[in-house]
Amino acid sequence: MKPNYQYPLEPDWSTADMVAVTTFYSLVEDAYEKGVDRDNFLAAYRAFKQVVPDQMTEKRLGREFEQVSGYSLYHVVKAARAGAGQRIRLGGVRHD
């Protein structure tokens, strides 16, 4: 993880929306750093999609998150959807 970066958030989101999105971002980081439970990750992704339902905004936030963190939302979501195992771990591979 790159030190001291801010998650990309929208100023018009409610506190609950920000919590849902930051929880999702945190699980993306964990998927790279130590692994996460697949079901928990997919539940957090569903909550994220309640806040960010359109694909264009999701892609923009994903690019912004990857620029500041080095971690790809897309790759973790793809692994979670394709994975048969209970844990997701991207092996520390960063997409800088």
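We did not get these values from a lab; they are worked out from the coordinates using the rules stated. What you see is a predicted model; the values in this text were computed from it and never measured. Cβ atoms come from the backbone with ideal geometry, glycine included; neighbour counts cover every protein chain shown.
Here are some notes:
- Total residues in the range 63-76, condition crowded, with 21+ Cβ neighbours inside 10 Å and not polar (S, T, N, Q): 4
- For the chain, the helices (runs of 4 or more DSSP H) that sit wholly inside it and include 2 or more residues that are among the β-branched types (Val, Ile, Thr) are 15-33, 55-69, 73-82.
- Among (1) surrounded by 13 or more Cβ atoms within 10 Å (Cβ to Cβ); (2) more than 10 Å from the chain's Cα centre (by Cα) - the single one Thr22 does not satisfy: (2)
- Which listed residue, of Gln6, Gln55, is under 16 Å from Val68 (Cβ atoms) and exposed (fewer than 12 other Cβ atoms within 10 Å of the Cβ): Gln6
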